[in-house]
């Protein structure tokens, strides 16, 4: 007899040797019924009973005995099948603790033992999955990054602790529509989330700046498209990198000063020796020319850093977008927007044009001769203006995007690392923001927003 038992471990014992198979017992039962019916018929013939009475006698004796014997023989099969049905039904309820009794030594006992083995394997795997899920959930909840999983219907199916505090003040965000949560975010974060691309952006609150890095990726889960969103606050990291940048600039300035002052001192000593001679030397003029060239180089070097450090406050005036974009005539191959909004923007025209020139020049340098560089201008109703500079260059990796806006960081051998930081200073002085992101199909998109 095989019954469904909760978590019975009787299947752990090795199976006993089969003494008599279940099919053999059924066959033996049929033979016994036939022998009994044959014996009944032989007795009726011996007593010279009429054929009809012999037939009735055989039915009255053989049929009940056969039914009882077959019922007794097939009862274990019925119980085993019922137990297997109960186990399979428990699988549908995700309960893998039900077991069958395995005392039988025939084929039905083997079925019970194999069923229990499958149940144990599923139970062990489920327990392992639960432990992994618990470990993963614990790790995600302690992650400094806000992590969200959004399904194909725009529902948030998971959000860790950081995501809950960032988007909903600590409340559970699972079960909320992501688009509704996104609309409650600051405009800088909302625009980046809506763009569905990676990038860095800055949120200004009470004269403080919070920098974030956004990464978004899509994949299929249970044959449904899901989006994984990671928002990482990188202000502390940027501050640390900024300190490293200042250390670097001190080293660069010291190196540049030494490279200029050392030859100047040497040339001055040479000039003194030549002047001490009774006859003037033709080399005096050459020495003074070299000294002048080194002084001019050093002056230009210092002025470049001074421009960044002493950027004046913007003098804002209403300017048409046509007038603002007119400086792009310096770059004839740049694709400009065909139709510009007719509204005027309140900016320092000289600074904003310097910003656009710097960004377009960077985009041209990042692209090859055939690379596409274009400018887009979007007017947001009652929300400001967005300028986008898009190129098809080699793009930036995640680490470069994080550091590109830091002073004195440059991937160019002869770069000063002041172009993009100067652009950031200009745009933030206007109350706006700038962020970089990778462009679909290759390249980089620089987005500038001014209120």
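Among the residues of region 316-342, those that are more than 37 Å from the chain's Cα centre (by Cα), surrounded by 11 or more Cβ atoms within 10 Å (Cβ to Cβ) and part of a loop (DSSP other than H, G, I, E, B) comprise 316, 331.
Every test in (1) modelled with pLDDT under 85; (2) under 16 Å from the mean Cα position of the chain (by Cα) is passed by residue 158 save one, and that test is (1).
Working carefully through the options 227, 197, 202, find the one that is in contact (Cβ under 8 Å) with a residue 60 or more places away in the chain and either in the same structural domain as residue 405 (by TED's automatic domain parsing) or in a loop (DSSP other than H, G, I, E, B) (or both). Unique residue meeting the criteria: 197.
Please return the ranges of strands (runs of 3 or more DSSP E) entirely within region 70-181 where 1 or more residues are within 30 Å of residue 213 (Cα to Cα).
Result: 146-150, 156-159.
Return the total of residues in region 345-369 being in contact with a strand residue (DSSP E or B) (Cβ under 6 Å, 6 or more places away or on another chain) and surrounded by fewer than 17 Cβ atoms within 10 Å (Cβ to Cβ). Number of matching residues: 1.
If only residues of region 381-397 that are at pLDDT 80 or above and over 18 Å from residue 362 (Cα atoms) are counted, the one that is surrounded by the most Cβ atoms within 10 Å (Cβ to Cβ) is 385. Taking the conditions exactly as written (modelled with pLDDT of 85 or more, surrounded by 14 or more Cβ atoms within 10 Å (Cβ to Cβ) and in contact with a helix residue (DSSP H, G or I) (Cβ under 9 Å, 6 or more places away or on another chain)), does residue 145 satisfy them or not? Against the criterion (modelled with pLDDT of 85 or more, surrounded by 14 or more Cβ atoms within 10 Å (Cβ to Cβ) and in contact with a helix residue (DSSP H, G or I) (Cβ under 9 Å, 6 or more places away or on another chain)), residue 145 qualifies.
Consider region 192-214 and keep the residues that are surrounded by 12 or more Cβ atoms within 10 Å (Cβ to Cβ) and out of contact with any helix residue (DSSP H, G or I) (no Cβ under 8 Å at 6 or more places or on another chain). The one that is nearest to residue 152 (Cα to Cα) is 196. For region 356-366, the condition holds for no residue, the condition being that it is assigned by TED's automatic domain parsing to the domain that holds residue 440, at pLDDT below 80, in a loop (DSSP other than H, G, I, E, B) and within 30 Å of the chain's Cα centre (by Cα). For region 78-94, filtering for residues that are out of contact with any strand residue (DSSP E or B) (no Cβ under 6 Å at 6 or more places or on another chain) and buried (at least 16 other Cβ atoms within 10 Å of the Cβ) leaves 3.
The values are calculated or read from the model by the stated rules, or taken from the named source; none is laboratory data. Keep in mind that what you see is a predicted model, and the values were worked out from it rather than measured. In this analysis, Cβ positions are derived from the backbone assuming ideal geometry, glycine residues included, and neighbour counts consider all displayed protein chains.
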